[in-house]
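The values are calculated or read from the model by the stated rules, or taken from the named source; none is laboratory data. On a predicted model such as this, the values are computed, not experimentally measured, just so you know. Reconstructed Cβ throughout: ideal geometry from the backbone, glycine too, with neighbour counts over all protein chains shown. Keep in mind that these areas ignore ligands, DNA and RNA; they rest on the heavy atoms of the full protein, side chains included. Shrake-Rupley method; radii C 1.70, N 1.55, O 1.52, S 1.80 Å.
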Amino acid sequence: MSLILDKISYYYGKGTAFETAAVKNITLSIPDGEFIGLIGHTGSGKSTLIQHMNGLIKPESGNIYFNGADIYDKDFKLRDLRRKVGLVFQYPEHQLFETTVIKDVLFGPNNMGFTKLEAEVAAYDALKAVGIGEDLIDASPLELSGGQKRRVAIAGVLACNPEILILDEPTAGLDPAGRTEILNLLKKIHEEKKITIILVSHSMEDVARYAERIIVIDNGEIYFDDEPRKVFEHEDELKKMGLEIPQCTQLVRKLKKCGFDVDEDCLTVEETLASIKECFGIN
Amino acid sequence: MLRDITLGQYYPAESVIHRLDPRTKFLGTLAFIVALFLFKTFWGFLLCGGFIIFVTALAKLPIKFLIKGMRPILFLLLFMMIFNLLLTPGEIIGQWWIFRVTKEGVYAALFMGLRLVMLVFGSSIMTYTTTPNKLTSGMESVFGFLKIFKVPVHELAMMISIALRFIPILLDETNKIMKAQQARGADFETGGLIKRAKALVPLLIPLFVSAFRRAEELAEAMEARCYHGGKGRTKMKPLKYHLRDLIAYLSLIGLIVGCVFIP
Ligand SMILES: Nc1ncnc2c1ncn2[C@@H]1O[C@H](COP(=O)(O)OP(=O)(O)OP(=O)(O)O)[C@@H](O)[C@H]1O
Ligand SMILES: [Mg+2]
């Protein structure tokens, strides 16, 4: 199982006065089971790029291969791709339309040709995975809180049992507790179901903690594609793209500059705390 | 953002025609249409044709754009020309089965066709060079006299400009929701009529919900800024005539006079 983008480019408003290149000659390989963070400033082309991955946008040039098959071949079924590559859009709660939560979650599996039983099992599973309790299953999606709606929407995609799950800024507009919950949930799904996760974000903090690999995109081009520690070595270049490395990493680096013997590579608050404690000999 | 004003086929460029007052362009287009129906001879046609080419060049519009604008009326155009060609009585110059073509018919078809083409050219120059917002504010001012008859001119103009502003937003939104549902396996493209109509439900419901939400938010935002209709309201960018508008009006008068008096 793998997804490969081969030199893809895409322009919005092709042939008009408003033509903008949103993705420029990007080559990317997504192997099985990774947790990838896709990071870029507003307007850098993240949303455009990920829509190529399940065939919603057809690239102007370049090819996309899923398990070795070109997804724009005549006998390739895009629906299969869309089942296996789940895409949760930015503000996914705006796509809810059914009268009850469970019906909405069933929409995907039913479209994908699951049997009735399979669909229901998948839907209940997905709702449980995102932490929507049984009391809400028959509620109207429009009556839920923002965070609950977001979870239901994620469950709607998860219920198709994707092998790759792509989420476009799933934490945008949530409170800090809601953010952590959603991100922890993704981590749990990643570990339990062994699915590949691509997390789109413009917060390094979020991505640093969860992702094993970070892809930095700016102006439609990939600048870095590496493990978090390696990417964060390019602090100045990232700053030029309007991105900040995590604050804890900044802190330990400053401490190091001032002559303290701390570990420069700390990515999370816990690691930082441990490192500083060690340096000062506190337990 | 740029893509928000693509509606109404606005073509951004730096030109005298773009800078003209929207009232001038609106009234000018009307005047041009009147001129089109005044001339009776080939010379009048040359005059109007020359005028429109001159204005297009001034506006720095690619001819390609204007021709593209013709596409929707192509059918109507052919229809009218054929009818004129075949049904005008007069001196017969050709006959085939039940059809007869007359000299008068050829003239009528030719003039009708050319008039129609120029009419569409003329009005698309207006929409290509004026943003929808400017156009509505121009119309508000042109039709301002109707306020005496208690016609809510300002309110109508406001409604039109809000609607225009929202069309691209809603189109964007439609596109987004459509893709989101496609990602969940929705299929909008295949199947019979009933299946397709049913497939629209997951698109239309979220779209309506979001349209109502946006309308409500906008209404609240306007009230919070004390909007209460047109009375005593001033404009941030009041319309002002410049020398170029005077020149434009004079050349239009020249055009009409020319069309009336040309032999
Ligand atoms: N529907 C569209 N029509 C025209 N241009 C678009 C459209 N969608 C995006 N763009 C342009 O393409 C570029 C990339 O947009 P994209 O939405 O992929 O950015 P993004 O990285 O997802 O940004 P954000 O973090 O704000 O979501 C931007 O310059 C944007 O203006
Ligand atoms: Mg985006």
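Points worth noting:
- Nearest-0.05 FRET efficiency for A:ASP70 and A:ASN25, computed from C-beta distance (R0 25 Å): 0.90
- For segment B:2-261, the calculated P(r) over all alpha carbon pairs, in 10 Å bins from 0 to the bin holding the longest distance, is 6, 20, 24, 22, 17, 9, 1, 0 percent.
- About the centre of its Cα atoms, segment B:2-261 shows a dipole size close to 240 debye [charges on the beta carbon of Lys, Arg (+1) and Asp, Glu (-1) only; nearest 20 debye].
- Along segment B:134-141 the Karplus relation, 6.51 cos²θ - 1.76 cosθ + 1.60 evaluated at θ = phi - 60°, assigns HN-Hα couplings of 5, 4, 5, 5, x, 5, 4, 6 Hz to successive residues, with x for each Gly and Pro.
- With a Förster radius of 51 Å applied to the C-beta separation of A:SER145 and B:LYS195, the computed FRET efficiency comes to 0.90.
- B:MET139 sits with roughly 60 Å² accessible to a 1.4 Å probe, with DNA, RNA and ligands left out of the calculation.
- Euclidean distance of C-alpha centroids, segment A:11-83 and segment A:111-190, integer Å: 24 Å
- Long-range Cα-Cα pairs in segment B:56-171 (distance over 22 Å), rounded percent: 59 percent
- Annotation: peptides B:16-29, B:244-257, A:98-111, A:65-78, ranked by per-residue average of other Cβ atoms within 10 Å with the highest first, follow the order A:98-111, B:16-29, B:244-257, A:65-78.
- Shielding by partners, peptide B:184-194 (average Cβ within 10 angstrom, other chains): 4
- Loop-located GluC sites (Glu not before Pro) across segment B:158-263 with a Cβ neighbour count of 15 or fewer within 10 Å are B:GLU189, with loop assigned by DSSP.
- By the helix-only formula, in which each DSSP H run with n ≥ 4 contributes -39500 (n - 2.57) and the sum is divided by residues, chain A has a 222 nm mean residue ellipticity of -11500 deg cm²/dmol.
- Kirkwood-based shape ratio for chain A, expressed as Rg/Rh from alpha carbons: 1.01
- Relative to the longest principal axis of the Cα atoms of chain B, the long axis of helix B:103-129 makes an angle of roughly 30 degrees.
- Calculation over all alpha carbon pairs of the protein assembly as shown in 10 angstrom steps from 0 returns a P(r) of 3, 13, 19, 19, 17, 14, 9, 4, 1, 0, 0, 0 percent.
- To the nearest 10, the accessible area of B:MET70 is 20 Å² with a 1.4 Å probe.
- Among B:ASN84, B:HIS18, B:ALA199 - extreme Cα towards positive end, dipole of segment B:2-261, charges at beta-carbon: B:HIS18
- Secondary structure note: in the protein assembly as shown, about 55% of the DSSP beta bridges are antiparallel.
- Computed FRET value (nearest 0.05) for B:GLN95 with B:VAL260, which takes r as the C-beta separation and R₀ as 41 Å: 0.65
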